[in-house]
Amino acid sequence: MIKIPEGMQLPRTLDDVNAAFMTGLLRGRGLLSADNEVTSTDDQGVGMTAGYFSSIKRVKCHFKHPTDAPDSFVVKTWPDFELAPKEQIAGMFEKDIIAYTMPSETFYPRPQVYLADFDAAEDRWALLMDDANAFGTQKLHETEMTTEEVLHMVPKLVEVAVAWEGCHEGEKSKPLDQLGIVHWASDENLAAFRQIMPGGAPLYDIWTSMSESTLINGYPWDKELGPNFSTLFTNKLEAFYEPIRPENGGTCTLVHGDLRGDNLFFCPESPAYPNGWLTIDFQLMTRGPIPSDLAYLMNTGTVLPEVYDPSNRDKIMARFFEAFMDQTSLYKQYTYEQFRKEYMVMSTVLLIYYIGFGANIWQAGLNNEQASRVEMGDKGETEADLTPEERRQRMWWRKATANFRVTFKDYGVFEQLSAMPDNQGEMGPWLEVPERLRNR
């Protein structure tokens with residue numbers, strides 16, 4: 001960790017990160033002289049599709065005297081709106097904090113970090129880093145990535161996958177075990193999602209099948225994929241992810257867990273950023289099959305429809321597979337058929353987040369709150385009644401939902417799920433859908 005300077009206290013909320021706090025931090029890091037100080041800060045939000053598991057703001061510092069000290073930062077503290085149980089969010093935050101101190105040679109490119117520390121007993125969690133927007137371009141969901149941009153990321157993604165291959169056992173597994181970074185298909189991870197997904201799946205099925213909803217682009221899932229797709233998926237988690245477990249022959253590496261547009265920046269190649277891109281937000285870091293990061297990136301609405309079109313998707317997958325096979329020392333017998341199957345399985349991860357972590361958002365819509373109130377509420381509100389940030393949030397939902405539909409239809413996921421046995425583990429309570437939304 002990058003500890004808070006002696007004599008300072010970790011912030012509890014974003015409001016605690018003010019001019020006085022920044023003065024103390026920069027002096028403590030040796031970046032600001034004792035006779036200089038931060039006189040004021042300009043604070044700005046970062047948008048609704050970032051920070052689901054933390055509160056985030058941009059901070060621009062103004063100084064008493066001219067200085068070469070950095071002046072543009074992003075700071076993260078505990079979230080205002082908790083989308084998961086407190087213990088689960090704490091585990092995510094700890095992973096995020098540790099990730100920013102991992103060796104750069106075997107990890108994802110990240111911004112410079114000045115504070116990565118927490119005090120669980122005091123309920124204080126903080127990350128403070130360079131604002132990558134000051135030197136790079138954030139790949140916001142408003143402008144989806146092109147095929148060439150995805151291909152530009154492939155070499156470093158392969159490098160990370162190779163560096164951590166086989167991390168389900170041996171020396172590579174030890175630091176991940178200590179951080180509680182489990183395998184995606186582990187009993188622990190699936191048990192957590194079995195608890196929260198039943199609270200979101202029925203509502204997700206409803207709005208993805210509303211022909212009038214602006215979120216589905218005129219392609220209702222009950223007709224495009226099959227009836228109650230999300231409920232079916234929730235009931236089949238164990239069987240669906242069983243083949244990717246290492247004990248069943250699945251490959252394994254370290255996985256970012258949330259590699260999407262708002263968490264990505266492209267920048268000029270330099271000694272500090274030789275790959276020309278960097279990423280943030282490691283709260284959902286996990287272990288999983290070799291193509292996990294690529295599958296997630298390609299199925300989040302982050303890329304243009306032409307990129308997840310089968311022709312370009314296959315081109316990108318082949319490029320990744322060939323580069324991996326040239327470098328791997330552990331998986332020399334890995335076949336493209338297995339790679340493709342593992343890609344298909346891991347293409348569903350964001351859907352799980354939408355159903356499980358999104359359950360609170362869909363349920364809030366029933367009370368005419370959050371951006372889901374357009375479909376879930378009973379006041380007849382439309383997108384015109386939403387705030388700009390809520391409309392931006394729905395823009396991402398719309399793009400991701402279209403992305404899901406194309407991929408799941410192409411891979412025949414509904415048909416595969418239908419042939420699988422139900423979960424054996426305990427499920428959380430299923431949401432009772434209000435009468436007004438039944439049989440929509």
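The values are calculated or read from the model by the stated rules, or taken from the named source; none is laboratory data. Since the model is a prediction, treat every value here as computed from it, not as a measurement. Because the Cβ atoms are built from the backbone with ideal geometry, glycine has one as well, and the counts that use them run over all protein chains shown. We work out accessible area using only protein heavy atoms, side chains counted, and drop any ligands, DNA or RNA first. Shrake-Rupley method; radii C 1.70, N 1.55, O 1.52, S 1.80 Å.
Which order, highest average first, do 326-336, 110-120, 280-290 follow once you tally other Cβ atoms within 10 Å for each residue and take the mean per peptide?
280-290, 110-120, 326-336
Quick one: compute a quarter of the convex hull surface over the Cα atoms of region 1-123 and quote it in nm².
That works out to 8.4 nm², a quarter of the Cα hull's surface.
So what's the net charge close to Ala185: Lys and Arg +1, Asp and Glu -1, counting the other residues with Cβ under 14 Å from its Cβ?
-1
Which shape class, rounded, prolate or oblate, goes with region 365-440 when its Cα gyration tensor gives a ≥ b ≥ c as root eigenvalues, a/c under 1.5 marks rounded, and past that a/b bigger than b/c marks prolate?
oblate
If you add up the charges near Phe229, with Lys and Arg at +1 and Asp and Glu at -1, over every other residue whose beta carbon is less than 14 angstrom from its beta carbon, what do you get? Write down the numbers at each step before the final one.
Values: positive: Lys223, Lys236, Arg405, Lys409; negative: Asp205, Asp222, Glu224, Glu415.
Around Phe229, the surrounding residues sum to 0.
Taking the Cβ-Cβ separation of Thr335 and Tyr219 as r and a Förster radius of 41 Å, what is the calculated FRET efficiency to the nearest 0.05? Walk me through the numbers on the way to the answer.
Details: r = 33 Å, r/R0 = 0.81.
The computed FRET efficiency comes out at 0.80.
Report the full-extension gain for the segment Arg319 to Glu122: residue separation times 0.36 nm, less the Cα-Cα distance, to one decimal in nm.
66.2 nm
Please give the FRET efficiency for Glu169 paired with Lys86, using the beta carbon to beta carbon distance and R0 = 45 Å, rounded to the nearest 0.05.
Numbers: r = 31 Å, r/R0 = 0.69.
Working from the Cβ atoms, E equals 0.90.
Taking the Cα centre of region 294-413 as origin, work out the dipole magnitude from +1 charges on Lys and Arg Cβ and -1 charges on Asp and Glu Cβ, in debye rounded to 20.
240 debye
At 222 nm, what value in deg cm²/dmol follows for the chain if DSSP H runs of at least 4 each add -39500 (n - 2.57) and the sum is divided by all its residues, to the nearest 500?
Working: 18 runs with 171 residues, N = 440.
Roughly -11000 deg cm²/dmol at 222 nm, from the helical runs in the chain.
For an R0 of 30 angstrom, estimate the FRET efficiency from the Cβ-Cβ distance between Thr13 and Gln112 and round to the nearest 0.05. Write out the running numbers ahead of the final one.
Numbers: r = 24 Å, r/R0 = 0.79.
About 0.80, to the nearest 0.05.
Here are some pairs, Lys139/Lys174; Lys57/Lys95; Lys95/Lys156; Lys223/Lys379; Lys139/Lys399; which of them have Cα atoms lying more than 25 Å apart in this structure?
Table pairs above 25 Å Cα-Cα are Lys139/Lys174; Lys223/Lys379.
Might you tell me the accessible area per residue for region 105-150, computed with a 1.4 Å probe and given in Å²? Can you show the working numbers first?
Working: 1730 Å² over 46 residues.
That works out to 38 Å² for each residue.
Counting only protein heavy atoms, what percent of the accessible surface of the chain is carbon or sulfur at a 1.4 Å probe?
49 percent
Sort 209-215, 228-234, 414-420 for me by packing, meaning the mean count of neighbouring Cβ atoms within 10 Å per residue, highest on top.
Top to bottom by mean Cβ count within 10 Å: 228-234, 209-215, 414-420.
Principal axes first, then extents: for the Cα atoms of region 264-333, list largest minus smallest coordinate on each axis, whole Å, largest first.
For region 264-333, the Cα extents along the three principal axes come out at 35, 33, 26 Å.
On full extension of the chain, what length is gained from Leu437 through His62, given 0.36 nm per residue of separation minus the C-alpha to C-alpha distance?
Extra length from Leu437 to His62 when fully extended: 129.8 nm.
Taking a probe of 1.4 Å, how large is the accessible area per residue of region 228-366, in Å²?
Value for region 228-366: 30 Å² per residue.
State the extension gain, in nm to one decimal, for the chain segment bounded by Gln44 and Ala20, taking 0.36 nm per residue of separation less the distance between their alpha-carbons.
Values: separation 24, 0.36 × 24 = 8.64 nm, distance 1.76 nm.
That pair, Gln44 and Ala20, stretches by 6.9 nm at full extension.
From largest to smallest, what semi-axes in whole angstrom does the chain give when each is the square root of 5 times an eigenvalue of its alpha carbon gyration tensor?
Semi-axis lengths for the chain are 35, 27, 21 Å.
Can you give the Rg and Dmax of region 137-214 based on its C-alpha atoms, in angstrom?
For region 137-214, the Cα-based Rg and Dmax read 18.9, 53 Å.
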